[in-house]
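Rule-based calculations on the coordinates, nothing more; no lab input. None of the values given here were measured: they were computed from a predicted structure. Methodologically, a virtual Cβ is constructed for each residue, glycine included, from the backbone with ideal geometry; neighbour enumeration extends over all protein chains shown.
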Amino acid sequence: MSGCGQTTQQADQEQTTAANFPEEGDTFGKAFPEANVMSVEELQQAVARKDSVQATVTAEIVESCQAKGCWMDVKLADNSTMKVKFRDYGFFLPTEDLSGRQVVFTGTAQMKTVSVADRKHYAEDAGKSEEEINEITTPSEELAFVADGVILR
């Protein structure tokens, strides 16, 4: 639950810099080439056949952490979402509303069970109402992604 509170001096410095200049093409975390980029639909198909998948993916941000910038939800092909967190909290995105922005990210995808406590924590980070948070009563099985690098479009 305290994941968004974990920081390093370097990560805080990157967050401050990123918050001042969240422009198209900004890279957060590890720089990577935009080669062999797959759609979220291709990613979903790949994960259905394996335990985990290393991939570079393009997607649309649905919402992002407004507290620290430590996660984002991206839209999947079936209009559900996938939580994207950042490896070892080594970097963060700007805390401004990034919904609707296109993004390219690289890392590892796999299916995960998300606890009720974690789901409520994410809802709180996203600025959801107390009523919306209290409606979360069951864990969920979700496609999750741990990104090593992100490029905002």
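Points worth noting:
- Neighbours of residue 100, meaning other residues whose beta-carbon lies under 14 angstrom from its beta-carbon, give a summed charge of -3 when Lys and Arg score +1 and Asp and Glu score -1.
- Cβ-to-Cβ counts within 10 Å put 34, 142 in ascending order as 34, 142, the fewest first.
- Annotation: amide H-H contacts under 5 Å for residue 81 (H modelled 1.01 Å from N, sequence separation of 5 or more, or interchain): 76.
- Residue 50-residue 113 pseudo-label distance in nm [points 7 Å out on the Cα-to-Cβ vector]: 2.5
- Largest mean-square fluctuation among 27, 95, 113, in a Gaussian network model of the chain whose springs join Cα atoms under 10 Å apart, belongs to 113.
- GNM flexibility winner over the chain from 35, 123, 109 (Cα, springs under 10 Å): 35
- Shown here is the pair-distance distribution of the chain: with all Cα-Cα distances grouped in 10 Å bins from zero up to the longest one, the shares run 11, 43, 36, 10, 0 percent.
- Unit charges at the beta carbon, dipole of the chain: most positive-side option, 137, 29, 62: 29
- Taking every DSSP bridge with both residues inside the chain, close to 85 percent are antiparallel.
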